[in-house]
1. Quick one: pull the percentage of alpha-carbon pairs in the chain with a separation above 28 Å.
2. Using the C-alpha gyration tensor of the stretch 166-258, what are the square roots of 5 times its eigenvalues, in whole angstrom, with the largest one first?
3. Less than 17 Å from a label point 7 Å out along the Cα-to-Cβ axis of Arg65: which backbone N atoms in the stretch 135-163 qualify, by residue?
4. If you consider only alpha-carbon coordinates, what radius of gyration and Dmax does the stretch 66-163 have, in Å?
5. If you average over every viewing direction, what projected area does the convex hull of the Cα atoms of the stretch 35-89 give, in nm²?
6. Go through Ala242, Gly209, Ser124 and say which Cα lies farthest out towards the positive end of the charge dipole of the chain; charges sit on Cβ, +1 for Lys and Arg, -1 for Asp and Glu.
7. Considering only protein heavy atoms, what is the solvent-accessible area of Tyr50 at a probe of 1.4 Å, reported in Å² to the nearest 10?
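The values are calculated or read from the model by the stated rules, or taken from the named source; none is laboratory data. From a predicted model like this one, the values you see are computed outputs, not experimental measurements. Glycine gets a Cβ as well: all are built from the backbone with ideal geometry, and neighbour counts include every protein chain shown. Only protein heavy atoms, including side chains, enter the accessible area calculation; ligands, DNA and RNA are left aside. Shrake-Rupley method; radii C 1.70, N 1.55, O 1.52, S 1.80 Å.
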Amino acid sequence: MGDRGDGGVVGAVKTGVRGDRWADGDWDDGDWDDGPLSRTARVRDSVRAYRMIAAMWIRSTMAYRASFAMTTFGNFAATGLDFLTIVLMFSQIDSLGGYSLPEIAFLYGLSSIAFGIADLVVGSMDRLGRRVRDGTLDTLLVRPAPLLAQVAADRFALRRLGRITQGLMVLGYALLALDDVHWTTLKVLLVPVTMISGGAIFCAVFVGGAAFQFVARDASEVQNAFTYGGATLLQYPPGLFAQDLVRGVTFVFPLAFVNWLPALYVLGRPYPLDLPEWVAFLPPLVAAGCCALAGLAWRAGVRSYRSTGS
């Protein structure tokens with residue numbers, strides 16, 4: 001590596017794994033950057049790498065179609081047991097926390113679909129701790145592709161469509177059975193927006209949890225408590241839980257924006273914290289904020305990573 005001349009002339013350049021060259025003045029000492037690539041180009045590269053890796057795993061999966069069909073059905077059946085438990089519960093009671101079965105199904109469907117989208121897209125992030133411990137993360141770092149895209153697309157599993165399919169079926173039942181809801185244009189549009197925004201929030205939780213594993217090394221169960229545990233929590237009405245817990249998932253860890261706030265607006269139900277109605281339309285903004293924070297956490301985690309040396 002050369003030295004910088006007195007006249008500000010760059011004496012040397014850095015070369016990254018992408019093969020791009022950039023001047024000394026484009027980076028801070030001790031900090032690697034992506035050189036002249038714009039953020040849009042980096043996002044485009046990440047999406048392209050993710051798509052290629054996911055396509056590879058899809059081709060591998062579809063080589064054994066019978067196995068794919070059985071595992072997808074197994075995933076569908078396993079997740080369906082959750083709702084079957086709720087149905088059996090309602091065979092003995094008329095309401096749960098003041099909510100009827102169709103209303104619970106509405107909450108369940110939105111939560112299951114949102115989590116299913118995130119689990120399909122970035123569900124492999126919970127394996128990061130294992131890669132950090134056994135040193136296989138190093139092999140991903142030297143490849144000419146964004147690390148986040150590689151980790152997220154690793155072992156992309158189409159069988160996870162079973163959870164989304166089951167959630168869509170439950171949501172369809174809820175929409176047909178909700179006779180007391182006065183549907184407006186805003187409420188109709190809010191349903192798909194809630195599913196997409198909720199999926200983005202859960203994606204941020206997956207990425208943030210993976211970033212934490214750079215430090216904790218063995219924290220997959222902690223991550224699962226907020227992902228799988230959060231999805232289960234949101235399947236039930238907020239009135240069943242303590243006020244402190246509801247405040248926590250609303251203002252601190254905003255899982256309530258996945259389905260509680262928009263769903264209760266659609267159902268015409270008051271939120272336990274007496275929040276104004278307009279907060280039901282904030283999920284897209286909350287999702288964007290969560291994704292930005294998760295990106296910062298991921299960047300900090302990657303910078304703190306120290307190879308195992310194996």
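1. 48 percent
2. Values: eigenvalues 169, 47, 31 Å².
The three semi-axes for the stretch 166-258 are 29, 15, 13 Å.
3. 158-159
4. 18.5, 58
5. Details: hull surface 25.8 nm².
The directionally averaged projection comes out at 6.5 nm².
6. Ser124
7. 50 Å²
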